[in-house]
1. Determine whether ARG198 is closer than 17 Å to ALA251 by Cα and not in a strand (DSSP E or B).
2. Cβ contacts < 8 Å: first residue more than 22 Å from ARG150 (Cα to Cα), restricted to segment 113-137; second residue aromatic (Phe, Trp, Tyr) and part of a strand (DSSP E or B), any location; separation 6+ or different chain. Result?
3. Quick check on segment 302-317. Is at least one of its residues farther than 30 Å from VAL167 by Cβ and surrounded by 15 or more Cβ atoms within 10 Å (Cβ to Cβ)?
4. For the structure I just gave you, tell me whether THR213 is surrounded by fewer than 17 Cβ atoms within 10 Å (Cβ to Cβ) and touching a residue at least 60 places away in the same chain (Cβ under 8 Å).
5. Within segment 219-236, is even one residue among the aromatic types (Phe, Trp, Tyr), under 28 Å from the mean Cα position of the chain (by Cα), surrounded by fewer than 18 Cβ atoms within 10 Å (Cβ to Cβ) and not in a loop (DSSP other than H, G, I, E, B)?
6. Of the residues that make up segment 113-133, is at least one at pLDDT below 95 and of a type in the set (A, V, I, L, M, F, W, C)?
7. So which of ARG359, ARG305 is at pLDDT 85 or above, over 31 Å from the mean Cα position of the chain (by Cα) and either closer than 20 Å to PHE219 by Cβ or part of a loop (DSSP other than H, G, I, E, B) (or both)?
8. When you go through VAL273, VAL295 one by one, which is the residue that is without any contact (Cβ under 8 Å) to a residue 40 or more places away in the chain, touching an Asp or Glu at 6+ places or on another chain (Cβ under 9 Å) and either closer than 20 Å to ASP258 by Cα or in a strand (DSSP E or B) (or both)?
Amino acid sequence: MARTGGEHWLGSVSYEETSPGFEVNDLGFQTRADFRSLSTALQYRETRSGRLLQSYEASLYATTAANFDGDVVERRVSLLSGGLLRSFWKYSFWGFVQPETTDDRLLRGGPLTRKPTEWQLRSSVETDSRRAIIGQLAYEYNRNAQREWRHTVELDMEVRPASALRVRLGPKFVRQWDVDQYVTTRRDPLATRTFGGRWIFGDIDQSEVSFETRAEWTFSPRLTLQLWAQPFVSSGRFAAFKEFSAPGVFAFDVYGRDRGTIARRSGPSADLVTVDPDGAGPAVPFTFAEQDFLVRSVRGNAVLRWEYRPGSTFFLVWQQQRSGADDQADLGATRDIGSVFRDPARNVFLVKVSHWLGR
């Protein structure tokens, strides 16, 4: 239900429900099932030009969602504002606050936990889109009550050196600290507080760098060439390993400090972590691989499109993908993004023809 006829004020109320057994991942990406959500929105917009702004809008959103057991899994209030300056620059601001709720996904089918209070801010500014060079800069900051944080910086630049050629460059950098990175699960009947399971997590310091590039060249109304490539590097360094402590809370016992012992050693094929969850007690020790990582990849494609007659098109496509990994979490952005081009390549060539049979 929505009200859209007002000059300045708009509003809507929406309800969404997905049953626990609903699953359509074969048709597309499905974030989750088993939820009922109610969302409301209120927007004010001004389209009459003023001294500083040509137009602007501000929106307030509120969402509440629960699973079919009645556990509230989301409660969020968001504010969005954006506008067009008289210089034709654009700005936007977005932020939300999410109070503590239930988390029914953290333990991958295990007991319920709590999701800490979280807030996020994002702002961006974009230059005049009429110019031959257009730039956009965005910054996002996320934090929660458990001192987890994430910084994201994005730069998007579009260059039009000629009317038939457009190039877009989009570097992005993300740095984050998480205290609930899932590692593994071990079944143990002695773990009575957590119903016979030990859910292992770690603190992680993670960095990501990517550089998206696009180019579009129009040779004629019937012949175009599109190029796209995205190098990507991500590294993660793990600190403390720990065990989920009790249902209904967001709390962990750190191995070697709050419970049990932990030892790290180098193996013939991988570095290993051995945990004795209760020290000298009867619980059986277990081992898993060190979790530090560095992954890199580059994906790219080129598409040549030729409309050889009205309604009939010939496509020639080249796709390439390279990837590599390392167990040393040492992100040297320039070095690692460059090294991905030396990893083994997988090339795919495709030809597609569509022919219009009518006159």
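1. Considered against the rule, which asks whether it is closer than 17 Å to ALA251 by Cα and not in a strand (DSSP E or B), ARG198 comes out as no.
2. GLU126/TYR91
3. No, there is no match, as no residue in segment 302-317 is farther than 30 Å from VAL167 by Cβ and surrounded by 15 or more Cβ atoms within 10 Å (Cβ to Cβ).
4. No: the conditions fail for THR213.
5. Initial filter on segment 219-236 (among the aromatic types (Phe, Trp, Tyr)): 219, 228, 232.
With the extra rule that they be under 28 Å from the mean Cα position of the chain (by Cα), the set shrinks to 228, 232.
From what's left, surrounded by fewer than 18 Cβ atoms within 10 Å (Cβ to Cβ): 228.
With not in a loop (DSSP other than H, G, I, E, B) added as a condition, the list becomes 228.
Yes, that holds for at least one residue.
6. Within segment 113-133, one or more residues are at pLDDT below 95 and of a type in the set (A, V, I, L, M, F, W, C).
7. Details: ARG359 fails: at pLDDT 85 or above.
Step by step, each of ARG359, ARG305 is checked, and only ARG305 is at pLDDT 85 or above, over 31 Å from the mean Cα position of the chain (by Cα) and either closer than 20 Å to PHE219 by Cβ or part of a loop (DSSP other than H, G, I, E, B) (or both).
8. VAL273
The values are calculated or read from the model by the stated rules, or taken from the named source; none is laboratory data. Owing to the predicted nature of the structure, the values given are computational and were not obtained by experimental measurement. We place every Cβ from the backbone using ideal geometry, glycine too, and count neighbours over all the protein chains shown.
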